[in-house]
Amino acid sequence: MQASDFQKLMFPNYAPAPFIPVRGAGVQVWDDAGRDYWDLGGGIAVLSIGHCHPSAVNALQNQAQKLWHVSNLFTNEPALQLAEQLLNATFAERAFFCNSGAEANEAALKLARRHAVNHSGGQKFKIISTKNAFHGRTLFTVTAGGQPKYSDGFGPLPAGVQHIDFNDVAALEAAVDEDVCAIILEPIQGESGVLPATHEFLQAARAAADRVGALLIFDEVQTGCGRTGKLFAYQHFGVEPDILTTAKGLGGGFPIGVTLTRAKIAENFTPGTHGTTYGGNPLACAVGSAVLTEIDRAETYANIAARSQQLRARLQQFAEKYGVFSEVRGMGLLIGAVLTEPYRDQASQFVAAAAQAGVLILQAGTNVLRFAPSLLIQENELNAALDRLETIFQA
Ligand SMILES: *Cc1c(COP(=O)(O)O)cnc(C)c1O
């Protein structure tokens with residue numbers, strides 16, 4: 001099998017790279033021809049503790065010999081354990097497990113609608129979202145997302161979603177009326193360009209939600225699980241959501257997502273109102289628990305802060321030396337480098353050139369290079385990766 005077999009076998013909704021990664025360890029990956037790569041993309045911000053971390057491998061192997069699946073007709077020990085860890089570390093009092101970010105947001109949006117129906121009747125169904133937001137690929141979540149290219153051609157879309165400009169406080173205040181049941185926001189817009197929210201915007205969203213009795217949903221699918229240097233990004237901003245979703249980094253490569261909220265809100269989901277076959281299965285939760293334990297400790301947060309500075313400083317150097325970036329932005333180890341005018345919208349070419357040079361990076365939209373490496377990446381590893389990356393700017 002080789003990468004070109006993809007076209008013969010798979011739906012053409014992806015355009016994978018011309019090589020096949022076959023093995024990973026920490027921040028390194030090897031392909032089917034034996035070439036090695038530094039992984040600064042982390043499987044799109046998923047590999048929070050790198051490839052095949054021993055703690056995660058152990059947790060998976062131990063659980064694999066005990067119990068794989070029981071369905072939600074039963075609870076299971078790894079799910080209870082992971083829920084307790086998440087609740088102890090956040091504002092939340094209840095957890096709902098699922099398998100992806102989209103499902104975590106789908107649950108959040110359905111919960112907000114049900115909460116409004118139970119407390120205010122059927123009129124209160126409007127959802128306020130932002131342009132360029134990304135919330136997943138189910139029909140409800142592409143509708144909530146603010147990128148028409150992902151929802152065009154799939155209509156009719158669910159009704160009641162309104163999009164305002166990100167970080168536009170006046171537009172937010174004007175849009176939020178008594179018919180609004182939820183405001184959904186990413187603390188940093190990840191997919192569309194690594195664009196952080198302002199404190200002011202998140203505070204205004206909190207106040208607007210409180211004013212009309214709407215629920216504030218933070219989509220931390222990408223920014224959660226240590227990615228920004230705290231366990232969740234809301235903890236930097238001092239603005240608490242009513243519902244928080246996370247996924248990507250939680251399983252460190254094993255599919256899992258979670259919707260977190262307070263007990264009073266969770267109680268709107270009575271038995272039978274919502275569910276998923278695989279959500280909260282023992283394998284995923286055992287891995288999630290091990291991953292979260294590695295992330296949620298002082299040494300990891302200290303490493304994220306130090307590596308973030310190192311990465312930003314070096315990207316800033318590239319900006320000055322080669323004129324490739326107009327801005328370096330983001331938080332923790334979610335960093336975006338905005339391309340300058342001569343290279344406008346060429347992010348995918350840079351990503352391909354970087355892979356050729358032996359570094360895996362990401363794009364965010366067409367004009368931003370995105371970096372989301374393992375939160376455990378070491379100083380010398382990051383330097384070695386950036387040395388390789390520099391060769392593409394020299395060329
Ligand atoms: C990736 C992402 C999603 C979707 O997650 P999936 O696991 O692909 O369904 C939703 N929201 C944000 C902010 C994301 O980055």
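Going by the conditions given, is LEU369 open to solvent by 30 Å² or more (accessible area, probe 1.4 Å) and outside any helix (DSSP H, G or I)?
On the way: open to solvent by 30 Å² or more (accessible area, probe 1.4 Å): no; outside any helix (DSSP H, G or I): yes.
The answer is no for LEU369.
Inspect all residues belonging to segment 106-122 and state whether any of them is surrounded by 17 or more Cβ atoms within 10 Å (Cβ to Cβ), part of a loop (DSSP other than H, G, I, E, B) and in contact with a helix residue (DSSP H, G or I) (Cβ under 9 Å, 6 or more places away or on another chain).
Checked segment 106-122: no residue is surrounded by 17 or more Cβ atoms within 10 Å (Cβ to Cβ), part of a loop (DSSP other than H, G, I, E, B) and in contact with a helix residue (DSSP H, G or I) (Cβ under 9 Å, 6 or more places away or on another chain).
Yes or no: GLY323 on the phi < 0 side of the Ramachandran plot and modelled with pLDDT of 95 or more?
Criteria not met by GLY323.
List every residue pair whose Cβ atoms sit under 8 Å apart, with the two residues 6 or more apart in sequence or on different chains, where the first one lies in segment 220-236 and is over 18 Å from ASN303 (Cβ atoms) and modelled with pLDDT under 95 and the second, anywhere, is among the acidic types (Asp, Glu) and open to solvent by less than 20 Å² (accessible area, probe 1.4 Å).
So the pair list comes out empty.
In segment 124-162, which residues are open to solvent by 60 Å² or more (accessible area, probe 1.4 Å) and over 21 Å from the mean Cα position of the chain (by Cα)? Walk me through it before giving the result.
Step one: filter segment 124-162 for residues open to solvent by 60 Å² or more (accessible area, probe 1.4 Å), giving 125, 131-132, 137, 139, 148-149, 152-154, 156-157, 159, 162.
Listed by number, the residues that qualify are PHE125, ASP152, GLY153, PHE154, PRO156, LEU157, ALA159, GLN162.
Which number in (1) within 18 Å of LEU172 (Cβ to Cβ); (2) within 13 Å of the ligand (Cβ to nearest atom); (3) basic (Lys, Arg) marks the one condition that ARG227 misses?
Condition not satisfied by ARG227: (1).
Being away from the ligand (no atom under 16 Å from the Cβ), farther than 10 Å from SER374 by Cα and in contact (Cβ under 8 Å) with a residue 24 or more places away in the chain is the filter; apply it to segment 29-46 and report the residue that is surrounded by the fewest Cβ atoms within 10 Å (Cβ to Cβ). Full working, then the answer.
Residues of segment 29-46 that are away from the ligand (no atom under 16 Å from the Cβ), as a first pass: 29-40.
Imposing the further condition that a residue be farther than 10 Å from SER374 by Cα reduces the set to 29-38.
Checking which are in contact (Cβ under 8 Å) with a residue 24 or more places away in the chain leaves us with 29, 32, 35-38.
Numbers: VAL29: 22, ASP32: 13, ARG35: 13, ASP36: 11, TYR37: 22, TRP38: 26.
Going through the qualifying residues, I end up with ASP36.
Tell me yes or no: at least one residue of segment 71-94 is buried (at least 16 other Cβ atoms within 10 Å of the Cβ), within 16 Å of the ligand (Cβ to nearest atom) and closer than 23 Å to LEU292 by Cα.
Among the residues of segment 71-94, not one is buried (at least 16 other Cβ atoms within 10 Å of the Cβ), within 16 Å of the ligand (Cβ to nearest atom) and closer than 23 Å to LEU292 by Cα, which makes the answer no.
Kindly establish whether GLN356 is within 29 Å of ALA197 (Cβ to Cβ) and open to solvent by 30 Å² or more (accessible area, probe 1.4 Å).
So GLN356 does not fit the description; no.
Which of the residues belonging to segment 163-201 are away from the ligand (no atom under 12 Å from the Cβ), buried (at least 20 other Cβ atoms within 10 Å of the Cβ) and under 18 Å from ALA108 (Cα atoms)?
HIS163, VAL180, CYS181, ALA182, ILE183 - these are the residues of segment 163-201 that are away from the ligand (no atom under 12 Å from the Cβ), buried (at least 20 other Cβ atoms within 10 Å of the Cβ) and under 18 Å from ALA108 (Cα atoms).
The values are calculated or read from the model by the stated rules, or taken from the named source; none is laboratory data. Because the structure is predicted, anything quoted here is derived from the model rather than measured. Quick reminder, even Gly has a Cβ in these numbers, built from the backbone with ideal geometry, and neighbours come from all protein chains shown. For accessibility, only protein heavy atoms count, side chains too; no ligands or nucleic acids. Shrake-Rupley method; radii C 1.70, N 1.55, O 1.52, S 1.80 Å.
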